[in-house]
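The values are calculated or read from the model by the stated rules, or taken from the named source; none is laboratory data. Just so you know, these numbers come straight off a predicted model, no measurement behind them. For neighbour counting, all protein chains shown are included, and Cβ atoms are generated from backbone atoms with ideal geometry for every residue, glycine included.
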Amino acid sequence: MDRRDFLHAAALAPLALSGSLDQAGSALSGSLDRAGSAPAAPPPDWARLRGRLSGTLVLPGDAGYAAARRLYNPAYDRIRPGGVAYCANAADVSACLAFARANRVPVTARSGGHSYAGWSTGTGLVIDLSRMRSVAYADGRATIGAGAKLIDVYDRLSRHGVSVPAGTCPTVGISGLTLGGGIGVMSRKYGLTCDVLESVRVVTADGRVLTCDATRNAGLFWACRGGGGGNFGVAVSFTFRTFETRDLTVFFLNWPWSKARAVVRAWQSWAPSAPGELWSSLHLTRSAGGLDVQIVGTYEGRKSALDRLLGPLVAGAGRPSSRSARSVPYLEAMKIMGGCSSRTVAECRRTPRTVYSGKSHMAYGKLSADGVRALVNGVARGGRHSVLMDAMGGAIARVGPAATAFPHRAALFSVQYYQEGMDRTWLRKIHANMSRYFGDHAYVNYIDPDLMTWRSAYYGSNAARLAQVKATYDPDRLFRLPQGL
Ligand SMILES: Cc1cc2nc3c(=O)[nH]c(=O)nc-3n(C[C@H](O)[C@H](O)[C@H](O)COP(=O)(O)OP(=O)(O)OC[C@H]3O[C@@H](n4cnc5c(N)ncnc54)[C@H](O)[C@@H]3O)c2cc1C
């Protein structure tokens, strides 16, 4: 069983879309409000924009419009953009931004389209980067087009025996992931995706194409490492430091639900302080099949060494009811974690779309006995849902909280509350209960449309500097999000 199969095995039955869309209110109205709040302007000359692009502009009524407006989450299919521009290069992006400025058309960048809140579409112009997806490697560096999806990054770099630390889902975009931080199975060893970013090319609101790195446009470079997508400009390419890959041992451990509290207690002490080569994620799930506790993980090393490292976990949690571990080439490990084990890269690209919603916490401390009980009881109550906790620490924690815009360097693990469907009742309840223990910290890449404290929760003490960068590079606020800096 791979990580995605695990989520599917949770049999989180899709809720009827008609009901769920109403409950998605804040996410959807966010996108629609942006259009509604724009002052009246003469009708935009879409044909003129089309004539200026090397790429393709898809308008309502065109063949392909239905596909062009889709995100990963079908709940947002009802949003109808004024146009979707498949940009071919940075000049196209500049032309789109000039059009948006001149016509006062709301503009939204889209790469992988995995925004939890659907904030990579809207009723104005969608700048789609998916045609700019080249992946080039030379001398320890990968230069990746903003529209590349993670499976393409892993696949193309595997031909050179290298990779970048990045997330699990094969169709997540490199852009959204990097701009918000980027937590993945190699992050405890090599850092977040944004930590290995050496430079990024960004088209700013005024249409300039800026190279941002430690010395050029350093403030914008800082903001592009954790400040979140959609705030400062449109990234068109990223250059990352790579690492040489080795085979990974992928493992799965299961316990009966009666052991859930013991597993949470043991895992939270063990996982964040394990060696950087060892990453793990603890999943608590309520599904049609019942309640499950599972730890999935990867280890850059041999199975025999992994068994020794698992010792303290098993001593605290008790012997798993089942366990499996196998050593596989790095690309296959990424496919297993992404839920497309043994499939071709092309098949991985066709990951089925899912109606889902989520909320998050960043856990800066271990849960008390009360906190563990609240979490386990919260999962056991009603519905079909999961809590997914990804170990942090290691290289993530060796970077200072103000060194990049991603502030959660001291977090022990991320906590994702995941629900298939758009009914947020359970999510809101467990999030409110667990805020007592985890406090006010959340991950901008699990963007949460009903989080009132988003500014402090996503950015902590980096919020003020992010606001300055916004004022410098987008003073007229061309780029707007419902939770926009
Ligand atoms: C199934 C699934 C698995 C996930 N797994 C992980 C994981 O393992 N680790 C992790 O850290 N996160 C994970 N995430 C969260 C993911 O990192 C975020 O949802 C991320 O924002 C998605 O990026 P995207 O390019 O696919 O999304 P999009 O929806 O295209 O964009 C997200 C935001 O960034 C903006 N944006 C997009 N492209 C650009 C650009 N080129 N320039 C400027 N702004 C841009 C958009 O306007 C939007 O506001 C997962 C999400 C899902 C749905």
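Every test in (1) within 24 Å of GLY181 (Cβ to Cβ); (2) away from the ligand (no atom under 16 Å from the Cβ) is passed by ALA363 save one, and that test is (2). Against the conditions (1) within 23 Å of the chain's Cα centre (by Cα); (2) farther than 22 Å from MET334 by Cα, GLY112 satisfies every one except (2).
Annotation: ASN217 fulfils all but one of (1) of a type outside the set (Phe, Trp, Tyr); (2) more than 14 Å from the ligand (Cβ to nearest atom); (3) closer than 19 Å to ARG110 by Cα; the unmet one is (3).
With respect to the conditions (1) within 18 Å of MET392 (Cα to Cα); (2) buried (at least 24 other Cβ atoms within 10 Å of the Cβ); (3) in contact with a strand residue (DSSP E or B) (Cβ under 6 Å, 6 or more places away or on another chain), TYR190 lacks only one, and its number is (2). For region 471-480, state whether one or more residues are assigned to a helix (DSSP H, G or I) and either free of Cβ contacts under 8 Å to residues at least 12 places away in the same chain or within 15 Å of the ligand (Cβ to nearest atom) (or both). Yes. Here VAL126 does not fit the description of being away from the ligand (no atom under 14 Å from the Cβ) and either on the phi > 0 side of the Ramachandran plot or touching a strand residue (DSSP E or B) at 6+ places or on another chain (Cβ under 9 Å) (or both).
When restricted to residues that are part of a loop (DSSP other than H, G, I, E, B), in contact with a Ser or Thr (Cβ under 6 Å, 6 or more places away or on another chain) and within 17 Å of VAL203 (Cβ to Cβ), region 90-119 contains 1. If the Cβ limit is 6 Å and pairs must be 6+ apart or interchain, which residue in region 159-179 that is closer than 21 Å to VAL234 by Cα and at pLDDT 95 or above pairs with which residue that is near the ligand (Cβ under 6 Å from one of its atoms) and among the polar types (S, T, N, Q)? These pairs meet every condition: GLY173/SER111; SER175/SER111; GLY176/SER111.
Condition check for ARG52 on (1) modelled with pLDDT of 95 or more; (2) within 14 Å of the ligand (Cβ to nearest atom): one failure, at (2). Of the strands (runs of 3 or more DSSP E) lying entirely inside region 279-394, those carrying at least 3 residues that are crowded, with 23+ Cβ neighbours inside 10 Å are 290-299, 356-363, 385-391.
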